[in-house]
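S.K.: Have a look at this one before I ask anything.
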Amino acid sequence: LNANYRLNDKTRLFATGYYGKDVLGLGKEFGINWGNSAATVRLNHVFNAKLFSNTSAIFSNYDYKIKIVGGNDLVDVISKIQDYSIKQDFHYFNNSRSKIKFGFNSTYHNVVPGVIKLHIDSTNSNIDLTRKYAWENAVYVSHEYKASDKFSLEFGARLNSFSLVGPGNVYSYNTNGETTDTTKFTSTKIVKTYFNFQPRISANYLITKNSSLKAAYARNAQNMHLLSNSSTGNPTDLWILSSNNIKPEICDQLSLGYFKNSKENMFEFSTEVYYKYLQNQIDYKTGAQLLFNEQVESQVLSGIGRAYGIEFSLKKKFGRFNGWVGYTLARTERKIEGINDDNWYAAKQDRTHDLSVVGIYDLTKK
C-alpha cells in the first residue's frame, strides 16, 4: 500500500504499509504462521536547491505463532519483535562534485521471547518469558566527493548507542553459566549501555572508460543476535538483545573489486575479494536449552569470527536472451572457547561454493 499527498510546492507526505504472512499446517492438529507487518509515514521537505530532508516515523512487527491441537486441548506458542522508530535524514548538495548526507534515528525495541498459552482439561494458563526492551540511537554523516573525472570517494561515520532498559529481571552468571545475582529493574531504569563508533570509506577509480577499481572499509555493530539450533533458518529461531552478558557484535570488512563493461554496456563483469573480522560472536553450548528458557544467556558462549572469499559475476543486460552467472568461493568461521576444542569451525552461514545461473528468453515482445 502506497499513498502520497502534496502539501505545497516544497513539502510532500508519503505513507506506505506492508503485511505478509506465511502459513503452514497439518489439518486442524498443527499449524505455524509467521510474517511481517510494517508502516511508514514520511515527510519530504525541500528547503532550497541545495538542501532537502526526509522525516520518517516507522513501525515494524515480526511474529510467529505455533498452534497444536489434541482433542479438546490447545497449545499456542507466540513470539514477537516490535520496533518503533523516528528517522531524520538531510541531503546537502554542495556542488556537482560534493554531496553530504547527515541525520539521526531513534528506535525503541520491544521483544517478546515467548508466550505459551495452554488450554488443557478446560483450564487456561500462560507461561510468559520476560519481555525485553531497548532504546537504540544513532547519528551519522557521510560525504560523497568526486575528486576528478576518474577518482571519487565516499567517507563518513556513525555513532551508535544501545541501551537495555527495564522493566524486567537481569541475571549475572559465572564462567560455568550459574546464576550469581538477580536484579529487578523498573521501566525508568537503564540496565546497560553500549557505544560504538562505526567509520567507513570507499573509493572508486576509473582505469578506462569501461573499467574501474573499487576499494572499501566499513565497521558495523549489531545489537540484536540470532540463536538457532538448526543449519537453516526457521521462524522459531530465538532473537536476543545485547545486555550485561551479551556484547554487541562488531564486524570490520575490507573489500577490493574490479568491474568492467563491454559491448556498449551489454556485458557486465565483476570480481571482488573481501575479508571480515568479527568480534563478540555468540553460539550456544553443547546441550543448551534455548527455547523458552528465561535464562538463555547462560547457555551461550562468545568469541571471534572471520569470513573471506572471492566473488565473480558475469551479466548480459540486453537482448532477446539475457541473464547472469555468479560464483562465490568463501569461508565463514568462528573460534569460541569451549566449542570444538577451541579451534576454528564452520559457522551456520558458511557456504564454501555458491553458484547461481539465471537465463531469461523473450519469446515475443509481449
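S.K.: So, R0 is 41 Å and r is the distance between the beta-carbons of Val46 and Arg131; what FRET efficiency does that work out to, to 0.05?
M.R.: The pair Val46/Arg131 has a calculated efficiency of 0.50.
S.K.: If I model a spin label at Asn244 and Arg6 as a point 7 Å from the Cα along the Cα→Cβ vector, what separation in nanometres do I get?
M.R.: Simple spin-label model gives 5.7 nm for this pair.
S.K.: Given the protein chains as shown and a 1.4 Å probe, how many square angstrom of Leu206 are accessible, to the nearest 10?
M.R.: 60 Å²
S.K.: For Lys21 paired with Asn72, estimate the spin-label separation in nm (one decimal), with each label point 7 Å from Cα along the Cα-to-Cβ line.
M.R.: 2.8 nm
S.K.: Could you state the accessible area per residue of the chain in Å², with a 1.4 Å probe and every protein chain left in place?
M.R.: On the way: 22080 Å² over 366 residues.
Per residue, the chain has 60 Å² of solvent-accessible surface.
S.K.: While we're here: Hey, what's the per residue convex hull volume over the C-alpha atoms of region 266-366, in cubic angstrom?
M.R.: 151 Å³
S.K.: Zone of Ser211 (label point 7 Å along Cα→Cβ, backbone N under 19 Å): which residues in region 233-274?
M.R.: Inside the label zone: 256-273.
S.K.: Using a 1.4 angstrom probe on the protein heavy atoms only, line up Thr328, Thr364 by accessible area, largest first.
M.R.: Thr364, Thr328
S.K.: Turning to a different aspect of this structure: Restricting to Cα atoms and excluding each atom paired with itself, what does the Kirkwood estimate give for region 182-309 in Å?
M.R.: Over region 182-309, the inverse of the mean reciprocal pair distance is 18.2 Å.
S.K.: Please work out how much accessible surface Trp239 shows to a 1.4 Å probe, ignoring ligands, DNA and RNA, in Å² rounded to 10.
M.R.: Roll a 1.4 Å probe over it and Trp239 shows about 90 Å².
S.K.: Keeping all protein chains in position, work out how much accessible area Thr332 exposes to a 1.4 Å probe, and write it in Å² to the nearest 10.
M.R.: Near enough 30 Å² of accessible area.
S.K.: Next question, about the same structure. Distance from the Cα centre of region 55-130 to that of region 1-40, in angstrom?
M.R.: Distance between centres, Cα-based: 13 Å.
S.K.: Keeping the other protein chains in place, figure out the carbon and sulfur percent of the accessible area of the chain, with a 1.4 Å probe.
M.R.: That share works out to 56 percent.
S.K.: Further, regarding this structure: How much length, in nm to one decimal, is gained on full extension between Asp362 and Thr179, taken as 0.36 nm per residue of separation minus their Cα-Cα distance?
M.R.: Gain in length upon complete extension: 59.5 nm.
S.K.: I've got another one for you. Please give the FRET efficiency for Phe195 paired with Asp252, using the beta carbon to beta carbon distance and R0 = 22 Å, rounded to the nearest 0.05.
M.R.: Efficiency computed from Cβ-Cβ geometry: 0.85.
S.K.: Largest first and in whole Å, give the semi-axes of the chain's equivalent ellipsoid, each being the square root of 5 times a Cα gyration tensor eigenvalue.
M.R.: Values for the chain, descending: 40, 27, 26 Å.
S.K.: If DNA, RNA and ligands are ignored and the probe is 1.4 Å, what is the ranking of Ile207, Ile100, Ile190, Ile32 by accessible area, most exposed first?
M.R.: Ile190, Ile207, Ile100, Ile32
S.K.: Something else: Order Ser243, Ser302, most accessible first, counting only protein heavy atoms with a 1.4 angstrom probe.
M.R.: Result, largest first: Ser302, Ser243.
S.K.: With θ set to phi - 60°, apply the Karplus curve 6.51 cos²θ - 1.76 cosθ + 1.60 along region 145-162 and write out the HN-Hα couplings as whole Hz, x wherever there is a Gly or Pro.
M.R.: 10, 9, 5, 7, 5, 10, 10, 10, 9, 10, 9, x, 7, 9, 10, 10, 10, 9
S.K.: Could you calculate the contour length gain from Leu355 to Ser60, that is, 0.36 nm times the residue separation minus the distance between their Cα atoms, to one decimal place in nm?
M.R.: 102.9 nm
S.K.: What spacing in nm lies between the two simple spin-label points modelled at Gln299 and Ser172, each 7 Å away from Cα in the Cβ direction?
M.R.: Here the modelled spin labels are 2.4 nm apart.
S.K.: Another question about this same structure. Quick one: if the Förster radius is 45 Å, what FRET efficiency do Ala147 and Thr188 give, using the C-beta to C-beta distance and rounding to 0.05? Walk me through the numbers on the way to the answer.
M.R.: On the way: r = 50 Å, r/R0 = 1.11.
That pair, Ala147 with Thr188, gives E of 0.35.
S.K.: Using 0.36 nm per residue, how much length does the chain from Phe318 to Val273 gain when fully extended, once their Cα-Cα distance is taken away?
M.R.: Gain on extension, Phe318 to Val273, equals 13.5 nm.
S.K.: Please turn the phi angles of region 21-26 into ³J(HN,Hα) values with the Karplus equation 6.51 cos²θ - 1.76 cosθ + 1.60 (θ = phi - 60°), one per residue in order, whole Hz, x for glycine and proline.
M.R.: Each residue of region 21-26 in turn: 9, 9, 10, 9, x, 10 Hz.
S.K.: Picking from Asn343, Asn293, Asn160, which is most flexible by a Gaussian network model of the chain using Cα springs under 10 Å?
M.R.: Asn343
S.K.: A further question follows. Just to be sure I follow: if Rg is taken over the C-alpha atoms of region 69-199 and Rh is the Kirkwood radius over the same atoms, what is Rg/Rh?
M.R.: Rounded to two decimals, Rg/Rh equals 1.22.
S.K.: Can you compute the label reach from Val139? Point 7 Å from Cα along the Cβ direction, backbone N cut-off under 13 Å, restricted to region 209-229.
M.R.: Within reach of a label on Val139, which here means backbone N under 13 Å from a point 7 Å along Cα→Cβ, region 209-229 contributes nothing.
The values are calculated or read from the model by the stated rules, or taken from the named source; none is laboratory data. The shown structure was predicted, so the numbers you read here are calculated from the model rather than taken from an experiment. Neighbour counts run over all protein chains shown; Cβ positions are idealised from the backbone, glycine included. Each accessible area value is taken on the protein alone, full model and side chains, heavy atoms only, with ligands, DNA and RNA left out. Shrake-Rupley method; radii C 1.70, N 1.55, O 1.52, S 1.80 Å.
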